[in-house]
Structures are given as C-alpha cells and as structure tokens.
Amino acid sequence: MAKKKRTYWSATLRLLGIVLAIWAGVSLGLSIILAPLLNHIQLGGYPLGFWFAQQGSIFTFIALIFVYAKLMGRIDRKYDVDEKTEKKSHKKRR
Amino acid sequence: MSLQVATYIAVGLSFLLYLGIAFWSRAKSTSDFYVAGTSVGPVVNGMATAADWMSAASFISMAGLISTMGYGGSVFLMGWTGGFVLLAMLLAPYLRKFGKFTVSQFIRDRFYSKTAAAVGVLCLLIASITYIIGQMTGVGVAFSRFLGVSNDVGIYIGMAIVFAYAVFGGMKGITYTQVAQYCVMSLAYVIPAIFIAFYLTGNPIPQLGLGSDLTGENIALLTRLDQVVTDLGFKEYTTSLPGSTLNMILFTLTLMIGTAGLPHVIMRFFTVPSVSAARRSAGWTLVFIAVLYTTAPAVAAMAKYNLHTTVTPGIEQNMEVFAPEASLKGDERPDWMKRWEKTGLLQWEDKNNDGRIQYYNDDSSNQQFLTRAEEAGWKGNELKVNPDIIVLANPEIALLPYWVIALVAAGGIAAALSTAAGLLMAISSAISHDLIKGIFMPKISEKKELMTGKISMAVSILVAGWLGLNPPGFAAGTVALAFGIAASSLFPALMMGIFFVKMNKEGAIAGMLSGLTVALFYVFAHKGIFFIPGTEYTHLIGGANSFFGITPEAIGAVGAFVNFLVAFIVSRFTKNPPEQIQVLVESVRSPRGVKTVKGAH
C-alpha cells in the first residue's frame, strides 16, 4: 500500500514537472528571454515574441490546466485513488 | 434618451439583478456562508472566480497600462493569468481535499501550531486589507465617474449593495451575484472591442484583428503603430521594455506566485464538490479571465492608434509629423475629447500658441527627434492622457451608440463590487472562523458562528468603507504590497505544507516571517515605512532599485525564494513533524475520500 502511494506521488510529480517546465518555458522563455529573437518571425501581423507575451502565453496556460486535469484524473484512476466511489455516498448523504 | 438616462437604466437594472440573486441565495448554515455548501459546479465557480479576480483595476486600468507600456505591459497579462496554473496544480485540489473553511485553518492543522496559524492570519489580513483599500477607492471612482455622484456617495452606495448580498448570502450570495457580474463586465468589455476591431481591420474578433492589416492598407496594424509611435518620439510599441529583462521576469513571477497565494482566490476552490472539480475549475476560471485578458491588448493597441491618428491626423496621409498641418486644430477636436477634458482625465494646453495639438514624447531618448521638434516650434507635449481613458472613452472614440457606453458603466461597477465582495469574504471568515472560533471561542455553536460570521462581514464592510473614504496615503502602493506579501509568505507556506512531508512548524514560521520581512523591507525602503511619506530609506540600501535593478513591485519573487530557503535550513536543524502530520499530508495528497467541507477542528 505504502509503495503504491509512493509511485502515485512520483507519477504526480513527474506530470507536475513537465507542466511547470512548459509553463515557465512559454512565459519566461519564449515571451521574455527569447522575445527579441522571436520578434524577427511574423505570425500574421504579430511579431512572434510579442504575440507569445500578450496572447500565446495565456492560451498555453488554459491548455496546460485542462491537459493537467485530464492526465491527473487518469493517474488517479490508475492508482485507484480517484474519488468516484466516494462521490456516490456523498450524493446519498445529501 | 440621453446618455445619463441610459446609464442610470443600465446600472439600475444590474443592481436589481444582484439584489434579486441576494434574496434567492440567503445562507442558512455556516457551510452555506463560508463555502456555498460546496455545491458550486466547476464552470459556475470558474465564472464567479473570474469576476472575483478581475477588479476595477483590471477592467478600467489594465488596457490603459498596456497601451502606455506597450510590450512591457505584458507582465500584467502573464502574471495575472499564469498564477492560475500554479493554483490548479500546487494548491487548489489539495486544499479542497483537506476540506476546511479557510486558508489559515490549513496552516494551523498542517503545522500543528497556533503560532503558525496566527502568522498565517496576520499575512492574510495584511494582504486582503491592503488589497481592499484599492478596491473601495475603485468603487468610488467607478460610481462617481459613471453616475455623476461624488466619490463618497459612490462608496456609500457600493457598501449598501455589497452589504445586501454579502451579509445575508455569505459565500453563496457572493458566488451567484459574481456570476451575474461576470456576464455584465465581459459583455461591456468585449462589445466595444469588437466594434473597434472591425472598424480598424475589418476583422471583428479583437484577438485576430490585432494581428491583421489595417483596412484598405497593405500594412499590419502593429507594424503601423510601431512606425507612428517612433515617429512621435516614443519607444517602439511591440518591444518597449521599461526596466531590465531580469526585472520583467521577477515582476511576472511575483504577480504569478502572488495570484496563487491570495486567500480570496484560493478559498473560491473550497466551494466546488470534488478534487477533480477543483482542478478543472481553475481552468474554467482562466477561460473566463482570458475572454477579457486577450481582448485587452487589442483594445490597448487599437485605442492608442485611434488616439494618435485623431490628434495627429497627418499620420494617415503619410505626412511628416513636424508639418504644421499634420497636427489637429484645437477647435476642431472631437466632442468626446471636450467631454473627457471636463473630468481632468484628458488635458490640452497649447504651449506654443499655434492653436494645434502636439501630442508627442518630449522626453524622448532620440536626440535627433527632439532637435527636429524644436525646429518645428514645438514647446513640449500638449496633451496629457490618463491611461484609464483607453477603456472609459473607447466606445465614444469609436462613435458607438449610447447603450454601449451605459453598458461599460455597469461593467466597471460590477468589476469593482465583485472583487470587493470576495475580499470581504476572505477577511470576515478569517475573523469569525480563524480568530473567534479557532482561537478565542472554540466551543461556539454553528448557529452562533453563522451570526458571528454575518456580524464580522458587516464590520468588515464598515471598515473597508471607512478606508475607502479616508484612503491612507499608500493607496497607490497597495497592489505591490498585496502581491508581495501573498507571494513571499502565504504561497510558499501552503505549497511546502503539501509537497514536503518533512517541513515542520519551526521551518514554516521562520520561512513566512523572513519572506515577509524581505518583501516589507524592500517595499518600505522605496515607499516609506508603513508608507509614511518621508521615511523612505533608499539611501541605506544604496539607491532606488539597488538590488540587481529590481523594482519594489518585483520583490515578491525574491521574498518567496528566501522563504523556501530559510524554511529548509531551519527544518533541517529542528525536530521532524509528528507522525500524525505525515498521515494528514498523505490524505491530502490522495483525492479518495473527499468530503463536503466541514468547519470542525
């Protein structure tokens, strides 16, 4: 049981690490540090670095949260710690 | 129908709606009052959180700030949205699983210490109260500007409306009112943006319009805007950066971490029914925020372009800006300019007495430009533009009908009220639940606690109103402070409580206090001790922004780093937390067994 909990937690941390790396890469990397370089590329009428800073990063954040929620739900079910069974009893009680 | 009548009707209708919701959603239990009975679905909660989050400052001032700062304004866009990623992954689902009413209750139980809880409540109250001062002044500004009443009367009306639904409805009343307020404010923001985007670029979607060519021309809007502003001596719009790159990174991080650590945002995620709902709800929050936040850059750039082409019409005929007839004749200026001049948000002073308006950067770093401006007989910039005007006058600049302008008024007021109510909820629950029930009267009955909650809410509203009427001198510095404190004290403590089983109370307390000290020390150095004018001590730390060129607004990220570091060092040299804490952390980490939120200790 304890081992299962540990692997569940390390799977969680792995996913977290990946999501946070993309989060920082897009907002701090592409939108700030690399922006002057990316501005040489045009996305329609947008300089690309500017687009990431004022549009792209926000879209990325939204996608990250939903992808994270979905994958996390999958991990929960795989390690059998999801809340499904509990939800039923929760409903019954109300 | 005149504009004033249309505005009264729009605002009056929105008030009726809020009061109707308040009556329908009265709180019957402490669970209703603190966490809306944990029955709010993720989408609805996302919408309410978005309204809670977006303040009068977001609604009225942010586009103007971006318009003025250009690319540098991106810190607000990224900072105030990126924090929700941290919240969704590091805090919200775990704190929901923990299943208590307030943020400091987690600190108290996890760090098994009333001292830690007291430090947590202290940080929470400082962050929320400084934040609410800004909101109450925002309420006053919004009411006075739109309804033509005085600032003070505006604050009284605002207090009365919030009183009606926050005292009787608690979190339940606030949540459902915020849903209505979100609808009002997003419509009010997006509709004028659609009109203006279509007018300038032929593309009605503002986010796409900003990346399109100008109507009838073969040049992108942003490229043209860059040319226009550099012609007038300003920095290029799409690259202008006010400070260093390092400062921009730390400022963005401070806003992100601070957003995730602000208690009035975190506690919204206690109202959803499950752990997975808490995760998704953060995503929905961001979707609803993004509707406004991705529109804001379009409003900013387009309004800036409109303003420059209005004041310097020669630009559109590809005339040299220094030619006399390139500038607008003063008595030919449009009516909306005259209207806003009365409010003082727009000021024209004909410095060189040529009867025309020269709007340019008289502090340009381009010497050649300044020499030519002087040769053309320009005697300094003649138009003072308050950034707020970008949103407020936007519908008028684009010549939109009165009902759109009235809608913007209702939207601005909705933004101010919804944030104020959310903050009041955080403050009053900290008082009634954490201080009164948690520390002074643990045996209080549920019915009495509900009453205590309502009374603390009423008192909080009175205090906030008083602070709004008599704003302390530091109203302008409050945002820097609130985010600095949330980032440097609350966020690290909460995160370490979940992610590091070995973190003990000594580490957490030392971390919070040292993070807080670093942030306060640096902010006070620049803005005065407790913001008292004349007590700045920048000379003691070697001049303004002396720490690697970091501005006081960006210090929160450094404070957070210090907090983590100190907490780790102290916890290594002190006792491990007791066995039952390890069990508690294990249970917080696993979604199974989530319950309706209970207040019992």
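A short reminder: the numbers here are calculations on the coordinates, not readings from a lab. Remember, predicted model here, so these are calculated numbers, not experimental data. Glycine also receives a Cβ, built like all others from the backbone with ideal geometry; neighbour counts cover every protein chain displayed.
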Discussion item. Can you report the number of residues in the range B:182-204 which are under 19 Å from B:ARG224 (Cβ atoms) and either without any contact (Cβ under 8 Å) to a residue 12 or more places away in the chain or among the basic types (Lys, Arg) (or both)?
Written reply: 2
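Each row is one residue, and each column tells you yes or no for (1) in contact with a Leu (Cβ under 7 Å, 6 or more places away or on another chain); (2) without any contact (Cβ under 8 Å) to a residue 40 or more places away in the chain.
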| site | (1), (2) |
| --- | --- |
| B:VAL153 | no, yes |
| B:ALA166 | yes, no |
| B:TYR237 | yes, no |
| B:SER240 | no, no |
| B:ASN247 | no, no |
| B:LEU250 | no, no |
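Residues are listed down the side, and each one gets a yes or a no for (1) assigned to a helix (DSSP H, G or I); (2) within 23 Å of B:TYR402 (Cβ to Cβ):
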{"site": "B:ILE155", "(1), (2)": "yes, no"}
{"site": "B:GLY158", "(1), (2)": "yes, no"}
{"site": "B:VAL162", "(1), (2)": "yes, no"}
{"site": "B:ILE174", "(1), (2)": "yes, no"}
{"site": "B:GLN181", "(1), (2)": "yes, yes"}
{"site": "B:MET185", "(1), (2)": "yes, yes"}
{"site": "B:ILE191", "(1), (2)": "yes, yes"}
{"site": "B:TYR199", "(1), (2)": "yes, yes"}
{"site": "B:ASN203", "(1), (2)": "no, no"}
Worksheet item: Does the range B:425-448 hold any residues that are under 17 Å from B:ARG26 (Cα atoms) and either surrounded by fewer than 21 Cβ atoms within 10 Å (Cβ to Cβ) or among the hydrophobic types (A, V, I, L, M, F, W, C) (or both), and which are they?
Response: B:MET425, B:GLU446, B:LYS447, B:LYS448
Practice prompt. Spot the failing condition for B:VAL139; the list is (1) surrounded by fewer than 24 Cβ atoms within 10 Å (Cβ to Cβ); (2) of a type outside the set (S, T, N, Q); (3) more than 14 Å from every other protein chain (Cβ to nearest Cβ), and only one is missed.
Written response: (1)
Fill in: Breaking point among (1) more than 10 Å from chain A (Cβ to nearest Cβ); (2) surrounded by 24 or more Cβ atoms within 10 Å (Cβ to Cβ); (3) not acidic (Asp, Glu), for B:PHE195
(2)
Discussion item. I need every pair where a residue in the range A:33-51 that is over 19 Å from B:LEU253 (Cα atoms) has its Cβ under 7 Å from the Cβ of a residue that is among the acidic types (Asp, Glu) and surrounded by fewer than 24 Cβ atoms within 10 Å (Cβ to Cβ), sequence separation at least 6 or different chains.
Written reply: A:GLY45/B:ASP213
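Tell me which residues, restricted to the range B:188-236, are of a type in the set (Gly, Ala, Ser) and more than 19 Å from A:LEU43 (Cβ to Cβ).
Start the filter on the range B:188-236 by keeping residues that are of a type in the set (Gly, Ala, Ser), which leaves B:188, B:193, B:197, B:202, B:209, B:211-212, B:216, B:220, B:233.
B:ALA188, B:ALA193, B:GLY216, B:GLY233, listed by residue number.
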Worksheet item: Which of the residues that make up the range B:65-84 are buried (at least 24 other Cβ atoms within 10 Å of the Cβ) and more than 14 Å from B:TYR293 (Cβ to Cβ)?
Response: B:SER67, B:GLY70, B:TYR71
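For B:SER58, state whether it is of a type outside the set (Lys, Arg) and either in contact with a Phe, Trp or Tyr (Cβ under 9 Å, 6 or more places away or on another chain) or closer than 20 Å to B:SER186 by Cβ (or both).
Details: of a type outside the set (Lys, Arg): yes; either in contact with a Phe, Trp or Tyr (Cβ under 9 Å, 6 or more places away or on another chain) or closer than 20 Å to B:SER186 by Cβ (or both): yes.
The answer is yes for B:SER58.
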Worksheet item: Is it the case that some residue within the range B:116-138 is of a type in the set (Ser, Thr, Tyr), within 27 Å of B:GLU449 (Cβ to Cβ) and over 21 Å from the mean Cα position of the chain (by Cα)?
Response: no
